[in-house]
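Participant: Let me begin by handing over the structure; questions about it come next.
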Amino acid sequence: MEGLGGVILKVYEPFAGRVGKVSRRLAPAAVEWDRLQALGEAGLPVPEGLGAVWTARGVAGPSAFLMREIPGAAPLDELLRAGDLPPEPWWTGELGPLVRRLHQAGFQHRDLYACHFLIPPARPWGTPILIDLARVRRPLRGRRRVKDLAALAYSLREWRSRGEIRELLLSCLGMTEGAAPARRLLARVESKVQKISRHRPKYDGPLDAEP
């Protein structure tokens, strides 16, 4: 992926879609273009897509995806590592509601790590932008929601306490602490976080396979 003066070109090598579990047949750029359009139509914040190209060979051929660059924007994990921390209300006032909207619209991101939330440069912090959308799928089922939330919780452990992550997850779910459904879901998320931690971390970039 590279910036070209105002735009970003994301190039997929042949068979990248199979390696990253995007699609066994379709070119990943075609899939990402479709997902970006679907999320945008659902009112979710996504980059401005400018176009995508692929060959008749589908997943077996190269493909590319072009999007508008947001100058000064950076992934959430990079900002946290640099010590650029959002105000406390942002976690449950912006990030949590965004995840809740994603799931209410019926989508699973499948790579819902901190690195896949793009933060615009304007301060105070506002709504993040969802990126790396090739693996997004629908419909959303309970197990898929748990996987998304576990990925997010796992990727934030370096910067957020267990209690703070729990509060964020409740915001993602739109539930209160004492509710029985919330307790059951949070227990499932915590179990999945432990499973992720026992595997090689897949939190280093897009298109990593799920354990």
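The values are calculated or read from the model by the stated rules, or taken from the named source; none is laboratory data. No experiment lies behind these values; they were computed from the predicted model shown. Quick reminder, even Gly has a Cβ in these numbers, built from the backbone with ideal geometry, and neighbours come from all protein chains shown.
Participant: Take the stretch 1-51 and flag every residue that is small (G, A, S) and closer than 20 Å to H109 by Cα. Please lay out each step first, then the result.
Facilitator: Our first condition is that a residue be small (G, A, S); within the stretch 1-51, this holds for 3, 5-6, 16-17, 20, 23, 27, 29-30, 38, 40, 42-43, 49, 51.
Answer for the stretch 1-51, where residues must be small (G, A, S) and closer than 20 Å to H109 by Cα: A16, G17, G20, S23, A27, A29, A30, A38, G40, A42, G43, G49.
Participant: Another question about this same structure. Can you spot a residue in the stretch 121-130 that is within 24 Å of A187 (Cα to Cα), of a type outside the set (D, E, K, R), assigned to a loop (DSSP other than H, G, I, E, B) and not assigned by TED's automatic domain parsing to the domain that holds R24? So that I can check it myself, show each step before the final result.
Facilitator: The initial filter retains those residues of the stretch 121-130 that are within 24 Å of A187 (Cα to Cα), namely none.
Looking through the stretch 121-130, none of the residues is within 24 Å of A187 (Cα to Cα), of a type outside the set (D, E, K, R), assigned to a loop (DSSP other than H, G, I, E, B) and not assigned by TED's automatic domain parsing to the domain that holds R24.
Participant: Output yes when any residue across the stretch 48-66 is under 16 Å from the mean Cα position of the chain (by Cα), outside any loop (DSSP other than H, G, I, E, B) and buried (at least 18 other Cβ atoms within 10 Å of the Cβ), and no when none is.
Facilitator: No, that holds for no residue.
Participant: Looking only at the stretch 191-206, decide whether some residue is farther than 26 Å from G49 by Cα and of a type in the set (D, E).
Facilitator: Checked the stretch 191-206: no residue is farther than 26 Å from G49 by Cα and of a type in the set (D, E).
Participant: Mind listing whichever residues of the stretch 80-97 are surrounded by fewer than 18 Cβ atoms within 10 Å (Cβ to Cβ) and either in a loop (DSSP other than H, G, I, E, B) or not hydroxyl-bearing (S, T, Y) (or both)?
Facilitator: Step one: list which residues in the stretch 80-97 are surrounded by fewer than 18 Cβ atoms within 10 Å (Cβ to Cβ), which gives 81-85, 87-90, 92-93, 97.
The answer is R81, A82, G83, D84, L85, P87, E88, P89, W90, G93, P97.
Participant: Moving to a separate point now. Quick one: in the stretch 108-166, which of the residues that are without any contact (Cβ under 8 Å) to a residue 40 or more places away in the chain and of a type in the set (A, V, I, L, M, F, W, C) is farthest from V11 (Cα to Cα)?
Facilitator: Only one residue tops the list, namely I165.
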